[in-house]
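Student: My questions all concern the structure below.
Read-outs: derived from the displayed coordinates by stated rules, not from any lab. Because the structure is predicted, anything quoted here is derived from the model rather than measured. Every residue, glycine among them, receives a Cβ derived from its backbone with ideal geometry; neighbour counts consider all protein chains shown.
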Amino acid sequence: MNQRSMWILLYTMCIPALFIFFWMYSIAQTDGMTGFDSTIFSFFNAISGDVMVQVAKGVTIVGNKPTIIVGALLLLCWLWFKRKNYLGLAILALGVGGGNYLKNWLKEYVGRERPETALLAEEELAFPSGHAMISLVFYVLLAYFIAKEVQSRGAKITIYVTGILIAFLSGTSRIILHVHYPSDVIGGYALGFALLMLCLFLYRRYESKFPK
């Protein structure tokens, strides 16, 4: 598959991603535990022991707000002062800043409470999961900008896989810790993917108009 076909495929995947988001949204409208969430919780409970719970408590830090803020500020400084990539700055602001605003608005709009079995105390409402949504946007954007600096195809793949894996672990840890219903996390990933593709589409569309 050539690069153009790959990007067309990724953009097209926004359609099923949005369908999944609205499906998860419909689940989030239901009071209490749903059969969908219960089934996934049961699977994770079956494979999660005390060690995995402790690992999840450590892993979940990569998606915490302070971690994302520090990471975004470091990336912002690099794009601004080192690369003079002002379009990249705008895309980062759209993805992380705009995504965070959208996530907070949706939480208030949906008003879903956290699971009663949560192993960590959280103040925000549940749907969608910011650890899933914002982590996917930030870590893949970070991988994208880093990958543009290397020539090796193998290195690019490694960078992307690392970014996606961090985002995946961030969201999965929230299910293991029961601080989110699985539908919160899946909905967060689905909406995060659509926002990420919008960011990358805009960047690739206008990159040539912003010479560095």
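Student: Within the stretch 86-112, can you find the residues that are touching an Asp or Glu at 6+ places or on another chain (Cβ under 9 Å) and either under 16 Å from residue 31 (Cβ atoms) or not in a helix (DSSP H, G or I) (or both)?
Tutor: 112 - this is the single residue of the stretch 86-112 that is touching an Asp or Glu at 6+ places or on another chain (Cβ under 9 Å) and either under 16 Å from residue 31 (Cβ atoms) or not in a helix (DSSP H, G or I) (or both).
Student: Could you give me the residue pairs with C-beta distances under 7 Å whose first residue belongs to the stretch 67-89 and is among the hydroxyl-bearing types (Ser, Thr, Tyr), whose second residue is surrounded by fewer than 18 Cβ atoms within 10 Å (Cβ to Cβ) wherever it lies, and which are 6+ apart or on separate chains?
Tutor: Taking only residues 6 or more apart or on different chains, the pairs are 67/61; 86/210.
Student: Sticking with this one: Could you say which residue among 198, 177, 142, 202 is within 30 Å of residue 115 (Cα to Cα), surrounded by fewer than 24 Cβ atoms within 10 Å (Cβ to Cβ) and out of contact with any Pro (no Cβ under 7 Å at 6 or more places or on another chain)? Can you show your working first?
Tutor: Numbers: 198 fails: within 30 Å of residue 115 (Cα to Cα); 142 fails: within 30 Å of residue 115 (Cα to Cα); 202 fails: within 30 Å of residue 115 (Cα to Cα).
After ruling out the rest, the residue left standing is 177.
Student: Might you check whether a residue that is free of Cβ contacts under 8 Å to residues at least 60 places away in the same chain and among the polar types (S, T, N, Q) occurs anywhere in the stretch 185-208?
Tutor: There is at least one residue in the stretch 185-208 that is free of Cβ contacts under 8 Å to residues at least 60 places away in the same chain and among the polar types (S, T, N, Q).
Student: Collect the residues in the stretch 135-156 that are farther than 12 Å from residue 63 by Cβ and in contact (Cβ under 8 Å) with a residue 12 or more places away in the chain, keeping them in residue-number order. Spell out how you get there, then give the answer.
Tutor: Residues of the stretch 135-156 farther than 12 Å from residue 63 by Cβ: 140-156.
Correct list: 140, 141, 142, 143, 144, 145, 146, 147.
Student: Are any residues in the stretch 9-47 β-branched (Val, Ile, Thr) and either more than 29 Å from residue 116 (Cβ to Cβ) or not in a helix (DSSP H, G or I) (or both), and if so, which ones?
Tutor: Selection gives 12, 15, 30, 34.
Student: Can you tell me which of 159, 164 is in a helix (DSSP H, G or I), without any contact (Cβ under 8 Å) to a residue 40 or more places away in the chain and over 14 Å from the mean Cα position of the chain (by Cα)?
Tutor: Details: 164 fails: over 14 Å from the mean Cα position of the chain (by Cα).
Matching residue, one of 159, 164: 159.
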